[in-house]
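The values are calculated or read from the model by the stated rules, or taken from the named source; none is laboratory data. Quick caveat: nothing in here was measured; it's all calculated off a predicted structure. Here the Cβ is made from the backbone with ideal geometry for all residues, glycine too, and neighbour counts use every protein chain on show.
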Amino acid sequence: MKQIIKISILLFCVYFIASCGGKRVNTGVTANTTITFKVWGNCDMCKDRIEEALQVDGIRTSDWNKDSKILTASFDSTIISRDKIEKNIAAVGHDTENQNAEVGAYADLPECCKYEKKK
């Protein structure tokens, strides 16, 4: 009987070690990032332009709300940074919290898309 108990304990230990050995430990570090920030604009054409500027490698999703002026973007931070995301938006004529729109790009916006520039 003691022999059966010893074998059972040994088999349980082997099973436990084997089942845990191949699992990855979650370190809490992830490349998946979601951010929100303000982007100036007015209309659905602005929405299309802003979101199209973010159709680049590394960005998974982007959604700009024309009423709140808030952009939500999910991206892989090992491929693209928040700074680069804001620069892409500024390049098509829209101010963000940390970037001013490029002067020529803002000037080329349709009249309905020209917003009151941030101070």
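Values computed for the structure shown
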| read-out | value |
| --- | --- |
| Residue satisfying all of: in the range 69-84; under 11 Å from the mean Cα position of the chain (by Cα) and of a type outside the set (S, T, N, Q); nearest to residue 46 (Cα to Cα) among these | 71 |
| Helices (runs of 4 or more DSSP H) (entirely within the range 36-117) containing at least 1 residues that are surrounded by 19 or more Cβ atoms within 10 Å (Cβ to Cβ) and in contact (Cβ under 8 Å) with a residue 24 or more places away in the chain | 44-53, 82-91 |
| Qualifying position, being under 18 Å from the mean Cα position of the chain (by Cα), modelled with pLDDT of 95 or more and basic (Lys, Arg), among 87, 114, 66 | 87 |
